[in-house]
Protein chains: 2
Amino acid sequence: MAVSPPSDAKPYHHGALRHALLAAAEARLAQAGPDSLTLRAIARDVGASHTAPRNHFDDLTGLLSELAAMGFERFARHLLAAAADQPTAMARLNATGRAYVEFALAHPGLFQLMFRGERLDVTRPALRDAMARAYLVLQEAVAAAHPSDAEEMSARVARAWSMAHGFAMLLLDDQLGPLLGDQAGAAGAMRLLDTILAID
Amino acid sequence: MAVSPPSDAKPYHHGALRHALLAAAEARLAQAGPDSLTLRAIARDVGASHTAPRNHFDDLTGLLSELAAMGFERFARHLLAAAADQPTAMARLNATGRAYVEFALAHPGLFQLMFRGERLDVTRPALRDAMARAYLVLQEAVAAAHPSDAEEMSARVARAWSMAHGFAMLLLDDQLGPLLGDQAGAAGAMRLLDTILAID
DNA sequence: TCGTCAATGTTGCCAATGGAAACATGCGAG
DNA sequence: CTCGCATGTTTCCATTGGCAACATTGACGA
């Protein structure tokens, strides 16, 4: 061992391991799917030992929960951005629903991770807060389009949310095949969604 | 080793291992959740070695796919039974939607397994057929309530399906907390669903 | 200045898992 | 009767998450 190691030697301390781990996890999630989100694989990606994440996240669940929190933040911003330039409250609600499905299609792995309670720890403050913020975006979009008393409001939010969420989940789980027919792919799915939104 | 083993000795060949494995998997799924569906655990439950399932199902995915196929069969029957004694086509559609969520609440693990493509092999004939049958039940319920041309029909089926499925998924993933409030539990969820169905 | 300590990483270990390979058993067709 | 093939078992391996013990580094106070 040289007293003064060559300049390309990895420093013992990474410096920004926490961020690097999250970034690696996100990249891996996008490219190889949720099943590839292994503690060891993520650590390998950043050149760290497989127990290094333990210092920043308690365990795999912790790491995934922080990643999901990031996802919910981005999700909320995406919904807001889509509704921003719409003229009416009703148009904003529809745009929000479209954006909901768009996000799921653009980030399928992340979306499934976010809405799959099993691998997450929802008591983590970062995750809880991010989820609450995203929920508020949805809730306000519905409230603006359909002002009503508390009970009907709950039902209207649940209805809009269920529709967007169900469509996204069925899409990601490849269940809509018989309904898309030859209109497969993301474009066909969004076209079907537009037809749905135009029904009432 | 005695030449004639005592009567309580396990025979080398189980006789109905395939059925026993599926039954054990279903029981385990209901009691301990999808994560407990381990090849080794299921085999242990029936007193077989952990490679025995390989002779009946190719691998864990195969076993889970057959289990999911059973689930879809039961699911289709449940939907049909719920709609059977309804007077109008519209009432039958609503009853089908209610039954959809009822099934998810009654068999959460099975439902999630059925609609989680990752752990299943949808090319298995048993699974493909069962999924198609369940889909037809849904499709016909919508068609009877809203006769229309092919394109609108697709949209109507997708809409009804998305609503029921999204509501069920959000419920199973504990996302509807803010909407259920003190009306938690299965009863509260079904009450919220009834309010939703009464909106249009 | 220097010594101590907390934060950050690493190595080594463990039990559990899915799967492959080689082998054992026994039913049933010829 | 016997031999082939379906059905099971044993053994082995790589991978995984997590724990414990140890190493490195920088910061802070006597």
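Read the figures in this text as sums done on the coordinates, not as results from a lab. Keep in mind it's a predicted model, so treat the numbers as computed, not measured. Counting neighbours? That spans all protein chains shown, and the Cβs are built from the backbone with ideal geometry, glycine included.
Worth a mention:
- A point 7 Å from Cα along Cα→Cβ stands in for A:His56, and the other copies hold the same point at 4.6 nm, listed in rising order.
- Couplings for the range A:185-196, taken from phi via the Karplus curve 6.51 cos²θ - 1.76 cosθ + 1.60 with θ = phi - 60°, read x, 4, 4, x, 5, 5, 5, 4, 4, 4, 4, 4 Hz in order; Gly and Pro are left as x.
- With the charge dipole of the range B:109-200 set up from +1 on Lys and Arg Cβ and -1 on Asp and Glu Cβ about the Cα centre, the Cα lying farthest toward the positive end among the listed residues B:Gln112, B:Leu171, B:Pro125 is that of B:Pro125.
- Counting neighbouring Cβ atoms within 10 Å and putting the fewest first, the residues B:Ile196, A:Ile199 line up as A:Ile199, B:Ile196.
- Modelled label reach - B:Asp45, point 7 Å along Cα→Cβ, the range B:85-119 residues with backbone N closer than 16 Å: B:107-114
- Put simply, the convex hull of the Cα atoms in the range A:14-56 casts, on average, a shadow of 2.6 nm².
- Contact order relative to length of chain B, as percent, for alpha carbon pairs under 8 angstrom and 6 or more apart: 20 percent
- Structure-based [θ]222 nm, chain B - -39500 (n - 2.57) summed over DSSP H runs of at least 4, per residue, nearest 500: -22000 deg cm²/dmol
- Rounded to 10°, Cα long-axis angle of helix B:125-145 versus longest principal axis of chain B: 20 degrees
- Under the criterion of Cα pairs below 8 Å and six or more residues apart, the relative contact order for the range B:13-56 equals 36 percent.
- The range A:59-197: proportion of alpha-carbon pairs further apart than 28 angstrom, %: 20 percent
- Under a 5 Å amide H cut-off, with hydrogens placed 1.01 Å from N, A:His14 pairs with nothing among residues at least 5 apart or on other chains.
- FRET efficiency estimate (nearest 0.05) - Cβ-Cβ, B:Asp200 to A:Arg116, R0 45 angstrom: 0.90
- In chain B, the beta-carbon sitting nearest the axis that superposes B on A belongs to the residue given here with its distance in angstrom, B:Gly166, 1.
- Estimated distance in nm for a label pair at B:Glu73 and B:Ala106, the labels positioned 7 Å out from Cα along Cα-to-Cβ: 1.7 nm
- Using the Cβ-Cβ distance between B:Gln183 and A:Ala144 with R0 set to 25 Å, the FRET efficiency works out to roughly 0.55.
- If R0 equals 25 Å, the separation of the Cβ atoms of A:Asp58 and A:Ala132 corresponds to a calculated FRET efficiency of about 0.70.
- Kirkwood Rh and Cα Rg combined as Rg over Rh, evaluated for the protein assembly as shown: 1.03
- For the range B:149-158, backbone phi angles converted through the Karplus equation (6.51, -1.76, 1.60; θ = phi - 60°) give residue-by-residue couplings of 5, 4, 5, 5, 4, 3, 5, 5, 4, 4 Hz, Gly and Pro being listed as x.
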